[in-house]
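Just below is one structure, and these are the notes that go with it.
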Amino acid sequence: MRFLNVTTAFSVLLIGLVLGSVRREHIRTEYSVSWLVAGVVLLVLSRWRALQDWLSTALGVNDAPLALLMIAGALFLVVLYRFSLVISRLKDSNVALMQRIAILEFRLDEKDQASAGK
Amino acid sequence: MKLLILIPAYNEEGAVASVIREVKQVVPGVPILVVDDCSNDATRAVAQESGARVLPMPYHLGLGGCVQAGYRLAFELGYDYVIRVDGDGQHDPRYIPKILNALETQKCEMVIGSRFLNGEGNHSGFLRHAGIVFFRAVLRPILGKPVRDPTSGFVGVNRTALALFSRSFPLEYPEIEALVVLQRKRFRFVEVPCAMRPRRSGRSTITALRSLYYPVHVLLGVFVNVLKFEGRRK
């Protein structure tokens, strides 16, 4: 029971932290959704005993907290995967942007030098 | 025929001037572009004073991103051939005409300056050599032909490869993956014998710790590129 109280507190803390960060614009709304969904799922599972029992039977584990841990782990893996996608896309855009800026600056300098030489 | 010599450089103030000087002696009049990967030292100023044009990157991108920026610019400026010579002095510019000749005559998209074809100069350590032997074995079935020096950065590309690499080029440790990117399009490469020298200054980007990560990263990159195989477009 203590474990479930801990996960409840953790999920409430997570939800509060994410909402606070969104309010202060430290996290963009679209990237808060994954964390909020993970937090709410964890909170519901921590408090709903019947659902825990059903899930632990479905997962083939005798222990409800263990089933909860497995689901929480899977949820956070999905969130991490989603952020890996976002970071990879950001990195690609960043590299392309930096290359474009460097090329534009280069061509601008060439033009300046050409017009200065005239 | 428009040829560009591309020199990627990161903290190479000690070597880049002599590399530029040597390139000028071997292929006078050919434009030299130094891509300065946001060096902390005077690489950019030294390169400019030595008569090269400099493409300065706003942030450190790593070798692949830096080389790709050079390829993109060369493609936009209409160059037919680009030969990459590293800024640390390991590549002997006297072999540039040999690479250019192979590009023009051998109907291939890329030419690799290989240090192992004639054994003209091999300055790789034991670990690096072991890596080369390993990646030769990995690449042999993928490329359908042997490659003797898959980690050589002394490469020339024609405009077709330039167009491809402008769009798709590995960001880190690009040499081996670039071969598989070429293979995705069924482009051809040949190797010509070249001598390599010890680096004149600076330090290799592949440190002791990174040498453990390097094969994992490259191996993964190779297989991801194999999965992207698309064949030559008609």
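The values are calculated or read from the model by the stated rules, or taken from the named source; none is laboratory data. The model shown is predicted, which means the values in this text are computed figures rather than measured ones. Here Cβ is always computed from backbone atoms with ideal geometry, including for glycine, and neighbour counts include all displayed protein chains. For the accessible areas, the whole protein counts, side chains as well, though only heavy atoms, and no ligand, DNA or RNA atoms are used. Shrake-Rupley method; radii C 1.70, N 1.55, O 1.52, S 1.80 Å.
Only residues that are open to solvent by less than 60 Å² (accessible area, probe 1.4 Å), of a type in the set (A, V, I, L, M, F, W, C) and more than 30 Å from A:Val86 (Cβ to Cβ) were counted in segment A:9-63, giving 2.
Rundown of residues vs (1) surrounded by 13 or more Cβ atoms within 10 Å (Cβ to Cβ); (2) at positive phi; (3) away from chain B (no Cβ under 14 Å), yes/no style:
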position: A:Pro65; (1), (2), (3): yes, no, yes
position: A:Gly73; (1), (2), (3): no, no, yes
position: A:Phe76; (1), (2), (3): yes, no, yes
position: A:Tyr81; (1), (2), (3): no, no, yes
position: A:Lys91; (1), (2), (3): no, no, no
position: A:Ala102; (1), (2), (3): yes, no, no
position: A:Leu108; (1), (2), (3): no, no, no
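Of all residues in segment B:11-54, those being within 15 Å of B:Val67 (Cβ to Cβ) and open to solvent by 30 Å² or more (accessible area, probe 1.4 Å) number 1. Among residues of segment A:11-38 that are touching a residue at least 24 places away in the same chain (Cβ under 8 Å), those with a Cβ under 9 angstrom from a residue that is of a type in the set (Phe, Trp, Tyr), sequence gap 6+ or separate chain, pair up as A:Leu14/A:Trp35; A:Ile15/A:Trp35; A:Tyr31/A:Phe83; A:Ser34/A:Phe83; A:Ala38/A:Phe76. Scanning segment B:37-58 for residues being touching a Gly at 6+ places or on another chain (Cβ under 9 Å) and either under 25 Å from B:Ile176 (Cα atoms) or more than 14 Å from every other protein chain (Cβ to nearest Cβ) (or both) gives a total of 6. Quick check: anything in segment B:75-82 within 18 Å of the chain's Cα centre (by Cα) and among the β-branched types (Val, Ile, Thr)? Within segment B:75-82, one or more residues are within 18 Å of the chain's Cα centre (by Cα) and among the β-branched types (Val, Ile, Thr).
Could you say whether any residue in segment B:140-153 is out of contact with any Ser or Thr (no Cβ under 7 Å at 6 or more places or on another chain) and under 15 Å from B:Ile99 (Cα atoms)?
We begin by selecting, within segment B:140-153, every residue out of contact with any Ser or Thr (no Cβ under 7 Å at 6 or more places or on another chain); these are B:140-147, B:150-151, B:153.
Filter once more, so that each one left must be under 15 Å from B:Ile99 (Cα atoms): B:153.
Yes.
Within segment B:58-68, the set of residues being closer than 19 Å to B:Ile20 by Cα and buried (at least 23 other Cβ atoms within 10 Å of the Cβ) comprises B:Cys66, B:Val67. For B:Ala130, the requirement of being out of contact with any helix residue (DSSP H, G or I) (no Cβ under 8 Å at 6 or more places or on another chain) and within 26 Å of B:Val226 (Cβ to Cβ) is met. The set of residues in segment B:19-37 that are assigned to a loop (DSSP other than H, G, I, E, B) and under 12 Å from A:Gln99 (Cα atoms) contains only B:Asp37.
Is it the case that some residue within segment B:60-73 is more than 14 Å from chain A (Cβ to nearest Cβ) and touching an Asp or Glu at 6+ places or on another chain (Cβ under 9 Å)?
No, the conditions are met nowhere in segment B:60-73.
Residues that are within 16 Å of the chain's Cα centre (by Cα), farther than 23 Å from B:Val218 by Cβ, within 14 Å of chain A (Cβ to nearest Cβ) and not aromatic (Phe, Trp, Tyr) do not occur anywhere in segment B:13-25.
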